[in-house]
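First the structure, in the form of structure tokens, and then the observations on it.
The values are calculated or read from the model by the stated rules, or taken from the named source; none is laboratory data. Because the structure is predicted, anything quoted here is derived from the model rather than measured. Positions of Cβ are generated from backbone atoms using ideal geometry, with glycine treated the same way; all protein chains shown enter the neighbour counts.
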Amino acid sequence: MARELQHGATIWDVARKAGVSITTVSHSLNGKGNISEATRERVRAVASEMGYVADAMARGLRSSKMNAIGLVFRSLDSLGNYGPNGVDVFMKLAGAAAAETLNRNLGLMLVPDLSRGPLPPFSMSLDGYIVFAPHLDDPVVALLEKRGIPYVTWDRDPGRPDFRNWVAHDDAASTRVVLNHLAAAGAGSIAYVGGTDRNAWNFDCEAAYVAWCLETGKEPRIYHVPERDGVEGGRQVGARILGDGMPGAVFCLTGRHASGAAQAMQECGVRIPGDLLVCTGSDSEHSRQHKPPISALDVDIPAAAAALVERLCEVMEGKSGSDPVLLVARFLHRKSTSPGKTRNQQKRGF
């Protein structure tokens with residue numbers, strides 16, 4: 001179904017508002033010419049504000065059906081790296097989503113941060129978008145809303161409580177699965193390590209951790225590490241946790257943080273799982289290859305891709321009113337959380 005969009009700004013509109021020539025606009029948006037960085041950034045900001053689509057053919061196709069959808073990984077946009085070492089969940093999801101779209105005679109385009117130019121050709125002409133892990137007040141979501149482009153999200157949009165077109169794991173329930181497992185395995189206290197991206201995954205998992213601690217009478221121990229700091233960030237937080245007194249377990253949302261924290265503690269003589277249990281909320285090559293392997297929550301990739309593409313197709317067809325789709329996360333029990341009282345816990349009388 002073709003969507004109706006307002007006529008977009010022209011290159012002359014951008015040039016007039018930015019106070020430059022159309023040649024300067026073209027070179028600024030395409031990274032060409034001998035133009036100062038300040039001018040280039042000003043032109044890009046004006047173009048973004050006006051919703052200017054640089055490609056002339058794309059402008060002509062905005063009201064036509066392209067039979068293609070876009071996929072934006074906001075988690076990777078914030079990292080500034082679209083191939084983080086050892087993190088394979090994003091490309092697995094992209095592959096599964098591509099298969100789903102091909103089965104529906106659609107194409108799939110991977111697109112970087114839509115709020116920053118220059119954009120790939122046709123990016124504003126696609127029939128719809130899957131936005132992975134939108135941030136609070138996400139400019140990409142705001143742009144899609146402004147342009148009237150249908151979209152769905154992986155995880156709820158924390159800035160739009162009434163938005164219902166999303167698919168996710170039940171993050172609160174998944175967090176409780178981990179915490180209950182660690183407690184049953186003998187952990188008397190559990191430290192929590194979250195990221196700093198302002199997305200629902202971080203917000204909801206931390207809220208569930210705090211609620212669980214209140215219900216069970218445990219003292220919350222919360223640490224935050226930027227996702228982009230990776231393994232080294234995990235090593236640093238591992239040292240901080242030891243400095244504050246070793247808990248019975250550590251639950252890190254990202255696999256890279258979990259691996260780094262475990263490495264730092266093991267180098268200080270901590271045995272895993274003999275003295276400490278470690279788990280992550282996002283499986284990765286780091287958690288699988290660590291010695292010992294680290295228990296993890298895992299995305300059901302085929303189910304996630306199928307649900308996201310199906311919901312987006314419904315939205316593009318004008319269907320609405322459905323509830324969000326909540327999937328069950330898979331808990332992968334590995335040696336790092338083997339049950340039984342640890343030596344450290346026995347000494348403390350837990």
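Do the conditions hold for Tyr129, that is, is it over 28 Å from Val225 (Cβ atoms) and not charged (D, E, K, R)? Criteria met by Tyr129. Of the residues making up region 121-141, just one is of a type in the set (D, E, K, R) and buried (at least 23 other Cβ atoms within 10 Å of the Cβ), namely Asp138. Determine whether Phe90 is more than 14 Å from the chain's Cα centre (by Cα), over 15 Å from Arg311 (Cβ atoms) and aromatic (Phe, Trp, Tyr). Spelling it out, it is not the case that Phe90 is more than 14 Å from the chain's Cα centre (by Cα), over 15 Å from Arg311 (Cβ atoms) and aromatic (Phe, Trp, Tyr). When the residues of region 66-78 are filtered to those that are surrounded by fewer than 19 Cβ atoms within 10 Å (Cβ to Cβ) and of a type in the set (A, V, I, L, M, F, W, C), the one that is modelled with the highest pLDDT is Ala68.
Just one of the listed residues (Val270, Val309) is over 26 Å from Gln236 (Cβ atoms), hydrophobic (A, V, I, L, M, F, W, C) and either surrounded by fewer than 24 Cβ atoms within 10 Å (Cβ to Cβ) or at pLDDT 95 or above (or both), and it is Val309. Restricting attention to region 43-59, report how many residues are at pLDDT 70 or above and crowded, with 17+ Cβ neighbours inside 10 Å. Matching residues across region 43-59 total 6. A single entry from Ala183, Ala191, Ala187, Ala207 fulfils the requirement of being crowded, with 18+ Cβ neighbours inside 10 Å, under 23 Å from the mean Cα position of the chain (by Cα), of a type outside the set (D, E, K, R) and modelled with pLDDT of 95 or more: Ala191.
Screening Ile241 against (1) out of contact with any Lys or Arg (no Cβ under 6 Å at 6 or more places or on another chain); (2) surrounded by fewer than 19 Cβ atoms within 10 Å (Cβ to Cβ); (3) more than 17 Å from Arg334 (Cβ to Cβ) leaves a single unmet condition, (2). Helices (runs of 4 or more DSSP H) fully within region 196-313 that include at least 1 residues being within 19 Å of Gly186 (Cα to Cα) and among the hydrophobic types (A, V, I, L, M, F, W, C): 200-216, 230-243, 255-267. Once region 211-231 is narrowed to residues that are under 25 Å from the mean Cα position of the chain (by Cα) and under 19 Å from Met246 (Cα atoms), the residue that is surrounded by the most Cβ atoms within 10 Å (Cβ to Cβ) is Val225. Only residues that are of a type outside the set (Phe, Trp, Tyr) and modelled with pLDDT of 95 or more were counted across region 142-155, and they come to 3.
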